[in-house]
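Novice: Would you mind keeping the following structure in view while I ask a few things?
The values are calculated or read from the model by the stated rules, or taken from the named source; none is laboratory data. Not measured: the values here are computed from a predicted model. FYI the Cβ positions are ideal-geometry reconstructions off the backbone, even for glycines, and counts take in every protein chain you see. All accessible areas refer to the heavy atoms of the entire protein, side chains included, with ligands and DNA or RNA removed. Shrake-Rupley method; radii C 1.70, N 1.55, O 1.52, S 1.80 Å.
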Amino acid sequence: MLPDFDLQKFLSQLPWGIPDDADADYMRDCRWMQLALFEAVGAFLDDEVPVGCVIIKDGKVLAKTRNRKEQMNNPTAHAEILAITEAAAKLGSWRLEDCEVYVTLEPCSMCTGALLQARVKRLVYGARDSKAGAAGTLFSLHNDSRLNHKIETKAGCLEDAAVFLLREFFKRKR
């Protein structure tokens, strides 16, 4: 736990940003992204870069994880990689067809590649990543015509809350 850290106050400052006139699909995306954001808060509290990921199939949670690179001393321990591993184990298959992935930060090339390999149907992410984003910002691996799979992608879901977490984390690191 961080010194002098009031979790309740911190959570109340998160700019959830759900509009009053949101349709049912947007509300469903926000619901799952909120779960990913709570995972990201857990990463924040563990002194990990605050990224959370949730994988959904048929309206049920298959996996929910957070970054654990520091804890595991593993450069591949990104939230998405850990979630893919957990979901595949639950399904008993590497194919995550018909699964939706909600992640608070745009996946990097490693994670987008893993999502493609897993045949994920849909990706929803919060904050865009101008330094490593591979699902629309720096690269567009998710819909590259040279690859044999494409992922339907929605960017910017609860983006303000995801950006807030990342900024707070790096502000405390400086």
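Novice: Take every Cα pair under 8 Å in the chain that's 6+ residues apart, average their separations, divide by the length, and report that relative contact order as a whole percent. Don't skip to the end; give the middle numbers.
Specialist: Working: 340 pairs, mean separation 35.1, N = 174.
Once normalised by length, the contact order is 20 percent.
Novice: State in Å² the accessible area per residue of the chain; use a 1.4 Å probe, count heavy atoms of protein chains only, and round to the nearest integer.
Specialist: That works out to 52 Å² for each residue.
Novice: Would you kindly find the accessible area of Lys171, with a 1.4 Å probe and non-protein molecules such as ligands, DNA and RNA excluded, rounding to the nearest 10 Å²?
Specialist: 120
Novice: Restricting to DSSP H runs of at least four residues, report the calculated mean residue ellipticity at 222 nm for the chain, -39500 (n - 2.57) per run over all residues, nearest 500 deg cm²/dmol. Show your work: numbers first, answer last.
Specialist: Values: 6 runs with 70 residues, N = 174.
Roughly -12500 deg cm²/dmol at 222 nm, from the helical runs in the chain.
Novice: Would you mind checking Lys9/Lys150; Lys69/Lys154; Lys121/Lys171 for any pair whose Cα atoms are more than 32 angstrom apart?
Specialist: Lys9/Lys150; Lys121/Lys171
Novice: Restricting the count to DSSP beta bridges whose residues both fall in region 1-155, what percent are antiparallel, rounded to a multiple of 5? Before the final figure, lay out the partial values.
Specialist: Working: 12 of 21 bridges.
Expressed as a percentage, antiparallel bridges in region 1-155 total about 55.
Novice: Shifting gears a bit: Roughly speaking, to the nearest percent, how much of the chain's 1.4 Å accessible area is carbon and sulfur?
Specialist: Working: 4450 of 9040 Å².
Answer for the chain is 49 percent, counting heavy atoms of protein chains only.
Novice: Further question: Shape of region 46-167 from its Cα gyration tensor (a ≥ b ≥ c, root eigenvalues): rounded if a/c is under 1.5, otherwise prolate when a/b > b/c, or oblate? Intermediate values should be presented prior to the final figure.
Specialist: Details: a/c = 1.44, a/b = 1.12, b/c = 1.29.
It comes out rounded by the Cα gyration axes.
Novice: Now for a separate question. With a 1.4 Å probe and all protein chains in place, put Thr153, Thr65 in order of accessible area, largest first. Don't jump to the answer; show the numbers that get you there.
Specialist: Details: Thr153 45, Thr65 10 Å².
Heavy-atom accessible area, descending, gives Thr153, Thr65.
Novice: Let me spell out the model: positive unit charges on the Cβ of Lys and Arg, negative unit charges on the Cβ of Asp and Glu, origin at the Cα centre of the chain. What dipole size does that give, in debye rounded to 20?
Specialist: Working: 24 positive and 25 negative charges, 101 e Å.
For the chain, the charge dipole is close to 480 debye.
Novice: Starting from region 60-140, pick out the GluC sites (Glu not before Pro) whose DSSP state is loop and whose Cβ has at most 16 other Cβ atoms within 10 Å. Kindly include the intermediate steps, with their values, before the conclusion.
Specialist: On the way: sites: Glu70, Glu80, Glu86, Glu97, Glu100; in loops: Glu97.
Those that pass, being in a loop and sparsely packed, are Glu97.
Novice: Please report the Cα spread of region 104-174 along all three principal axes, rounded to whole Å, starting with the longest.
Specialist: 42, 20, 18
Novice: Is region 17-98 best put as rounded, prolate or oblate by its Cα gyration tensor, with a ≥ b ≥ c the root eigenvalues, rounded for a/c under 1.5, and otherwise prolate when a/b is larger than b/c, oblate when not? Before the final figure, lay out the partial values.
Specialist: Details: a/c = 3.28, a/b = 1.24, b/c = 2.64.
Oblate.
Novice: Considering only protein heavy atoms, what is the solvent-accessible area of Ser12 at a probe of 1.4 Å, reported in Å² to the nearest 10?
Specialist: Looks like 90 Å² after rounding.
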